[in-house]
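What follows is a set of notes on a single structure, which appears directly below.
The values are calculated or read from the model by the stated rules, or taken from the named source; none is laboratory data. The shown structure was predicted, so the numbers you read here are calculated from the model rather than taken from an experiment. All Cβ positions, even for glycine, are placed from backbone atoms using ideal geometry, and neighbour counts span all protein chains on display.
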Amino acid sequence: MPFDYYIKSGYNKNLRCGFTTGTCAAIAAKAAVILLLSGNSVEYCSVITPKGIEVETQIVDSRIDNGVALCSVIKDGGDDIDATDGIEITASVEKVRSGILIDGGEGIGRVTKSGLDQPVGCAAINSVPRSMIEEAVKGVCAELGYKGGIKVIISAPEGMKIAGKTFNPNIGIDGGISIIGTSGIVEPKSLKAIADTVRIELRVLKNSGSKNVIITPGNYGESYLKNSSIFNNVPYVKCSNFIGDALEEAASLDFKKILVVGHMGKLIKLASGMFNTHSYYGDCRMEIFSAHAALCGVSKETVARIMECVTVDSALSVIEADKALFKAVNNSIMSKIQFNLNRKLPDNIDVGAVAFTNIYGTLAISAEGKKILSCFGGQYE
């Protein structure tokens, strides 16, 4: 039976929550210790999560061999499906002289960069899951009267295969997935994990000695950066729709120069002061484009044509024949983007922007962006 806990989302809609890999690891470890110390396997096992919600799930594998007990559970992401949903999380346990020793086995990544939750070289099992595992193991030991130590190895047989679908390779976790979670519960449609990952990437960069950074929303920006001759090996972070969160984190980390590089279809929303660019929060692209086109002198009929467009590239096609107008509109939009970037960040941080599309290439670079590029060693027309 699936985990039966729901939250409201929007009007009269229920979404089923899931549980984290950390909760999986704690339940598997608890069941394995029960098997190790009592010789009895359990069909279902539960823990109380840090959120205060009890999670009970089925133990899908349970066996003991040569003093090592092993139990597995299946990760259930609820209605928030991600790369780890449905994977098997395994805990193998054995007796040791003292203490609760927790490490990662097959499919669990290792930390390779400073700035993460665990030190370099350690298994990527974060603090909260470690505490959950330790508490679950100690509880069983106390209940069964065992006073010695337990060694716990957490594994994910499919971890290596799916790690490439996660952010782990970008933030300094190699060789598998990470065991994470702060509440033990996965709330569907929550994008907090992505925002947290962006913050971690920025902290890792700062700890590596970087003073300047490029922030780009996604894959289009990454491809543009890699293929453009105007950038000179400056580190970048992909921030998805969380441009505002990324800027604030970069500012708090005292990056000196920040360049926002993105497809105009994303960056145009910054001209309205909208710093989370997900369509859930609004879509003002054509309104912004039309307003700036009107300011640059286009006719009412042209504004009407722009308003019928569904992409920025199609809006640009309406005015591309007039080269002077094309440049003026893009520069006008960029000027407003820069205005809002300046309002977003403290005066002691240099911030600029570069906008492009895949069809038209580089559209506009703010004056501040050109200064930053010059410091980076980049060239521009």
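Read through the list (1) at pLDDT 95 or above; (2) within 26 Å of residue 226 (Cβ to Cβ); (3) not in a strand (DSSP E or B), then give the number of the only condition that residue 353 fails.
With (1) at pLDDT 95 or above; (2) within 26 Å of residue 226 (Cβ to Cβ); (3) not in a strand (DSSP E or B) applied to residue 353, the lone miss is (3).
Go over the candidates 198, 213, 204 one by one and state the one that is at pLDDT 90 or above, in a helix (DSSP H, G or I) and either over 16 Å from the mean Cα position of the chain (by Cα) or surrounded by 15 or more Cβ atoms within 10 Å (Cβ to Cβ) (or both).
Working: 198 fails: at pLDDT 90 or above; 213 fails: in a helix (DSSP H, G or I).
The conditions single out 204.
When the residues of segment 141-179 are filtered to those that are touching an Asp or Glu at 6+ places or on another chain (Cβ under 9 Å), part of a strand (DSSP E or B) and not hydroxyl-bearing (Ser, Thr, Tyr), which remaining residue is modelled with the lowest pLDDT?
Only one residue fits best here, namely 177.
Please identify the pairs in which a residue from segment 190-215 that is among the charged types (D, E, K, R) has its Cβ atom under 8 Å from the Cβ atom of a residue that is surrounded by fewer than 18 Cβ atoms within 10 Å (Cβ to Cβ) and at pLDDT 90 or above, counting only partners at least 6 apart or on another chain.
203/253; 206/253; 206/254; 211/256
Out of everything in segment 219-275 that is of a type in the set (Val, Ile, Thr) and outside any strand (DSSP E or B), what residue ends up being farthest from residue 172 (Cα to Cα)?
Going residue by residue through segment 219-275, those that are of a type in the set (Val, Ile, Thr) are 230, 234, 237, 243, 258, 260-261, 268.
So of that shortlist, the ones also outside any strand (DSSP E or B) come out as 230, 234, 243, 268.
Values: 230: 27, 234: 18, 243: 21, 268: 32 Å.
That would be 268.
Take the residues in segment 114-140 that are acidic (Asp, Glu) and part of a helix (DSSP H, G or I); name whichever of them is surrounded by the most Cβ atoms within 10 Å (Cβ to Cβ). I'd like the intermediate steps shown before the answer.
Of the residues in segment 114-140, the ones acidic (Asp, Glu) are 117, 134-135.
Of the ones still in play, those that are also part of a helix (DSSP H, G or I) are 134-135.
Working: 134: 18, 135: 16.
Of everything passing the filter in segment 114-140, 134 is surrounded by the most Cβ atoms within 10 Å (Cβ to Cβ).
So which residues in segment 30-68 are out of contact with any strand residue (DSSP E or B) (no Cβ under 9 Å at 6 or more places or on another chain) and either surrounded by 14 or more Cβ atoms within 10 Å (Cβ to Cβ) or under 18 Å from residue 141 (Cβ atoms) (or both)?
Listed by number, the residues that qualify are 38, 40.
Please go through segment 305-319 and give me each residue that is surrounded by 14 or more Cβ atoms within 10 Å (Cβ to Cβ) and acidic (Asp, Glu), ordered by number.
313
Can you tell me which residues in segment 330-354 are surrounded by fewer than 23 Cβ atoms within 10 Å (Cβ to Cβ) and closer than 22 Å to residue 314 by Cβ?
331, 332, 336
Within segment 83-96, track down each residue that is of a type outside the set (Gly, Ala, Ser) and either closer than 22 Å to residue 153 by Cβ or free of Cβ contacts under 8 Å to residues at least 12 places away in the same chain (or both). First the steps, then the outcome.
Step one: filter segment 83-96 for residues of a type outside the set (Gly, Ala, Ser), giving 84-85, 87-90, 93-96.
Across segment 83-96, the qualifying residues are 84, 87, 88, 89, 90, 93, 94, 95, 96.
Just checking, does segment 298-307 include any residue being in contact with a Gly (Cβ under 9 Å, 6 or more places away or on another chain), among the charged types (D, E, K, R) and either assigned to a helix (DSSP H, G or I) or over 15 Å from residue 356 (Cα atoms) (or both)? Show your work before the answer.
Pass one, segment 298-307, residues in contact with a Gly (Cβ under 9 Å, 6 or more places away or on another chain): none.
No, the conditions are met nowhere in segment 298-307.
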